[in-house]
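The values are calculated or read from the model by the stated rules, or taken from the named source; none is laboratory data. All values reported here derive from a predicted model rather than from experimental measurement. Because the Cβ atoms are built from the backbone with ideal geometry, glycine has one as well, and the counts that use them run over all protein chains shown. These area figures cover heavy atoms from the full protein model, side chains too; ligands, DNA and RNA do not enter into them. Shrake-Rupley method; radii C 1.70, N 1.55, O 1.52, S 1.80 Å.
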Amino acid sequence: MKLELEQQNFRINSKGWEKKHDDYSGIEYLENPEGDVWEIASGEFKGEQLFSWDAAMRETKKAGKRMPTDKEWNKLLKTKEDMPNLKLAGYRYTDGTFYYLGTYAFFWSSSQSGTSVWGRFLNSGHAMVSRYLVLKELGFSVHCLRTNKTQQRDKNGRCISKKEDINNMIDNIKAKKLSEIYRLTKDKFKIYAKKEENGKISIRTKEDESEFEFINSTPETLKAIGELIVKASEL
């Protein structure tokens with residue numbers, strides 16, 4: 001699947017958030033109840049949100065979205081012109097101070113290195129994209145990967161991620177207690193199927209060659225396996 005970025009920075013509903021003021025920068029902003037997402041409340045960048053890394057991971061997962069990994073950012077951003085609708089919203093330091101509004105944009109990746117995280121810095125005066133290891137507690141912008149797939153939702157209306165969807169399908173197959181399922185793992189999802197001469201259908205992961213084996217499968221099981229293969233192939 002082709003890697004693409006969404007057209008706008010990721011944001012969440014800020015209704016009811018507390019309004020605050022940063023004396024250093026003069027910025028008025030809103031803060032979520034958890035104290036880890038901040039929304040600029042006035043000026044050119046009104047509505048732009050900055051997230052701690054933990055908040056970014058939490059909220060994108062809730063929305064059924066994800067941020068690029070460090071390697072994916074390398075492919076997606078060669079210069080700042082590769083970022084759709086770039087907003088130079090600066091960043092928030094751990095002491096609550098906002099810096100570089102209007103001159104820099106800072107974006108999280110989903111990749112950790114020890115206790116730090118890889119981020120991307122874009123500057124209004126330079127085309128280049130900088131890569132740094134930074135503290136998780138900083139407030140950065142979030143930009144997610146684009147998906148053209150319609151998100152499924154659970155009974156509470158929460159978006160279900162593709163990985164969750166596959167996990168649920170595997171659990172449903174297991175719950176039938178079909179004896180022909182010998183092994184099934186949730187660890188890898190880039191998989192393909194092969195029907196052997198003896199009738200065995202093996203589903204292998206491309207990354208570690210671990211195998212799902214189905215012997216003398218019933219039509220019901222084959223249908224469930226087929227749906228699983230289709231879901232996995234979309235990743």
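Suppose we keep only residues that are in contact (Cβ under 8 Å) with a residue 24 or more places away in the chain and touching an Asp or Glu at 6+ places or on another chain (Cβ under 9 Å) within segment 1-19. Which one would you say is most open to solvent (accessible area, probe 1.4 Å)? Checking each candidate, the answer is Met1. Listed conditions (1) under 11 Å from the mean Cα position of the chain (by Cα); (2) crowded, with 17+ Cβ neighbours inside 10 Å are all met by Asp70, apart from (1). Is it the case that Arg131 is in contact with a helix residue (DSSP H, G or I) (Cβ under 8 Å, 6 or more places away or on another chain), of a type outside the set (A, V, I, L, M, F, W, C), open to solvent by 60 Å² or more (accessible area, probe 1.4 Å) and in a strand (DSSP E or B)? The answer is yes for Arg131.
Conditions tested, residue by residue: (1) closer than 23 Å to Ser113 by Cα; (2) free of Cβ contacts under 8 Å to residues at least 24 places away in the same chain; (3) among the aliphatic types (A, V, I, L, M); (4) touching a Phe, Trp or Tyr at 6+ places or on another chain (Cβ under 8 Å).
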| position | (1), (2), (3), (4) |
| --- | --- |
| Gly35 | no, yes, no, no |
| Lys46 | no, yes, no, no |
| Lys61 | yes, no, no, no |
| Arg66 | yes, no, no, no |
| Leu77 | yes, no, yes, no |
| Thr94 | yes, no, no, no |
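Of all the residues in segment 43-70, those that are assigned to a helix (DSSP H, G or I) and within 17 Å of Leu122 (Cα to Cα) number 1.
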